[in-house]
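The values are calculated or read from the model by the stated rules, or taken from the named source; none is laboratory data. Everything numeric in this text was worked out from a predicted model, so none of it was measured. A quick note on method: Cβ atoms are made from the backbone with ideal geometry, for glycine too, and the neighbour counts reach across all protein chains shown.
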Amino acid sequence: MSAPPPPIAPAPETPPKEAAPPKVFAAAVYECVRCGTKTTQEELARLPEVKCICGYRVFKKVRPMVVKQIKAI
């Protein structure tokens, strides 16, 4: 009669890897081309697909009203 095999030690539990959150710029505001609804990039990132509340998928980035002036060389 042989001795029973030694017990197998359980593998140490590692926490599941979470997907890194997408990089979000807080100042980015987008406007729906069809209805004009303004949303932030953070709000769009939460949704499973990029789509406006009206169902349209085309957005344009809202630019600031200030014009950047640079010196000519």
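Yes or no: region 15-26 includes at least one residue that is at pLDDT 90 or above, assigned to a loop (DSSP other than H, G, I, E, B) and loosely packed, with under 10 Cβ neighbours inside 10 Å.
Keep residues of region 15-26 that are at pLDDT 90 or above, which gives none.
Checking region 15-26: not a single residue is at pLDDT 90 or above, assigned to a loop (DSSP other than H, G, I, E, B) and loosely packed, with under 10 Cβ neighbours inside 10 Å.
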Legend entry - Pairs where the first residue, in region 29-52, is among the acidic types (Asp, Glu) and the second is outside any loop (DSSP other than H, G, I, E, B), C-beta under 6 Å, 6+ apart: 31/38; 31/60
Inset, instruction - Mind listing just one residue for me: the one in region 54-67 that is surrounded by fewer than 10 Cβ atoms within 10 Å (Cβ to Cβ) and farther than 17 Å from residue 28 by Cβ and, of those, modelled with the lowest pLDDT? - result: 67
